[in-house]
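Encoded as C-alpha cells, the structure appears first; notes follow it.
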Amino acid sequence: MAFNDWDEVRTAYQVARLGTVSGAAQALGVHHATVIRHVDSLEAKLGAKLFQRHARGYTPTEAGQDLLTVAQSTDDQLAQLANRIRGRGDEVTGELILTSLAVLAPLLSPVLAAFREEHPEVMIKFLTDERVFRLEYGEAHVAIRAGNPPDQPDNVVQKFYSHDWALYASKDYIARHGRPDSIADVGDHVFIGPAEHIPRVPFFAWLHQNVPERNIGYRVNQITAVLPAIQAGLGIGFAPVWGEAEDTRLERVLAPLAWSSQLWLVTHVDLHRTAKVQTFLTFLKAWATRWPVAETPGEA
C-alpha cells in the first residue's frame, strides 16, 4: 500500500465505524458505489477480507478491526494536527525567521531583544547573507531589503526606513590628521574604500569616482568591516547615521554629504496576515520611529 491509498482506507474506516455502505457514503459525501469500489480495491491490495457482508450491513473481520484501530488513531492525529495548525495562526509562538543585511544587525538586535521579552514563546532566527532569501519557499517570515522596491510575485512590500550613510572619522584620527577641507581637496587623508574594482554599493561607487586611488589606504569586501576600521583610526569612511549617533568615538566629516538607501519590509502573501507576522511588523515599525535619520540625505 502507498500513501495515495488513504482515500480507500478512510472509506473502509467509515464503513467499519458506521456498519453500512449507505452510512459511510453519506458521511463521506460520495455515491454508495464509490464506497463499495474502495472497499473491494483495498481488500484486493491487502489480500484479506475486511468485512463480512450480510443483510444488515458490514461487520469488520479481525483484519477489519485492526484497520479500524489504526485508521481511528490516524484520523484523530490528523484532526489534532489540523486544530494545531489553525490555532497556530492566531498565536505568537514558535519560530520567527527574519532576514536582512548583516550591517543592520546592531540596529535590529535591540528590537529583537525587546520583542522576545514581550513574546518569550517565540524563537527568533536572524539570517544575514548577500543572497536574497526566498520567502515563497518558506526561508523567512519577514525580510528587510535595501535599494529598489522588491518585485517578486506574491510578496507584500512596505516602505520602511531610510538607511542613511555619511562620512565619519574617529576623534583619534582627526586629532592626528585634522579634517579634509572639501572632497575636491582631500590632501593626504586616508579613506576606506571597496575591495572590488567596480563597486556595487552607491556610496562606494561615488568614492571610487571622486577620491584619488592614492588616498584609498584601506579596502574591504564587506560593508560590515568599515565601521570597525573607522573606529580603529584607519581612515575616513562611510558609516550608518544611526551607528554614529551611539558612538562618541566618531565625528562626521564633509557634512552635509550623505546617501540614503530605502529599506523595505517584505512578507509573503500567505503569511502576511498571520498573528505572529503582524504582531512583529507592528512592533518593528513602532520601534523604528525612535531611529535617527540624516539631516540632508542624498540619493542612493
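The values are calculated or read from the model by the stated rules, or taken from the named source; none is laboratory data. In this text, all values refer to a predicted model and were calculated from it rather than measured experimentally. For neighbour counting, all protein chains shown are included, and Cβ atoms are generated from backbone atoms with ideal geometry for every residue, glycine included. Remember, those area values only see protein heavy atoms, side chains included, never the ligands or the DNA or RNA. Shrake-Rupley method; radii C 1.70, N 1.55, O 1.52, S 1.80 Å.
Using 0.36 nm per residue of separation minus the Cα-Cα distance, give me the extension gain between Ala255 and Glu117 in nm, one decimal.
Working: separation 138, 0.36 × 138 = 49.68 nm, distance 3.84 nm.
Between Ala255 and Glu117, full extension yields an extra 45.8 nm.
A simple count of charges around Leu281, restricted to other residues whose Cβ falls under 13 Å of its Cβ and scoring Lys, Arg +1 and Asp, Glu -1, yields +4. Spin-label model, Gln222/Asp185: points 7 Å from Cα along the beta carbon direction are separated by 4.0 nm.
Rolling a 1.4 Å probe over the protein heavy atoms leaves Asp172 with an accessible area of roughly 90 Å². In the complete set of protein chains, residue-level accessible area for His268 is approximately 20 Å², probe 1.4 angstrom.
Taking only protein heavy atoms into account and a 1.4 Å probe, give the accessible area per residue of segment 140-215 in Å². Numbers along the way, then the final one.
Details: 3960 Å² over 76 residues.
Averaged over the residues of segment 140-215, the accessible area is 52 Å².
Here segment 133-187 and segment 243-277 have alpha carbon centers that stand 7 Å from each other. Distance between the modelled labels on Ala205 and Gln278, one decimal in nanometres: 4.0 nm (7 Å Cα→Cβ projection).
For the residues Leu254, Leu265, a 1.4 Å probe over the protein chains yields an accessible-area ranking, largest first, of Leu254, Leu265. Tally Lys and Arg at +1 and Asp and Glu at -1 over the other residues with C-beta under 9 Å from the C-beta of Leu263: what net charge comes out? Counting the neighbours of Leu263, the net charge comes to +2. Taking each residue as 0.36 nm, the span from Arg56 to Ala288 lengthens on full extension beyond its C-alpha to C-alpha distance by 76.5 nm.
Could you work out what % of the accessible surface of the chain is carbon and sulfur, using a 1.4 angstrom probe and leaving DNA, RNA and ligands out of the count?
Details: 8430 of 16360 Å².
Carbon with sulfur: 52 percent of the solvent-accessible area.
Lys159 to Lys49: extension gain in nm, 0.36 nm per residue of separation minus the Cα-Cα distance?
Working: separation 110, 0.36 × 110 = 39.60 nm, distance 6.39 nm.
Value of the extension gain: 33.2 nm.
Distance between the pseudo-spin-label points of Ile124 and Glu95 (7 Å out from Cα toward the beta carbon): 1.7 nm.
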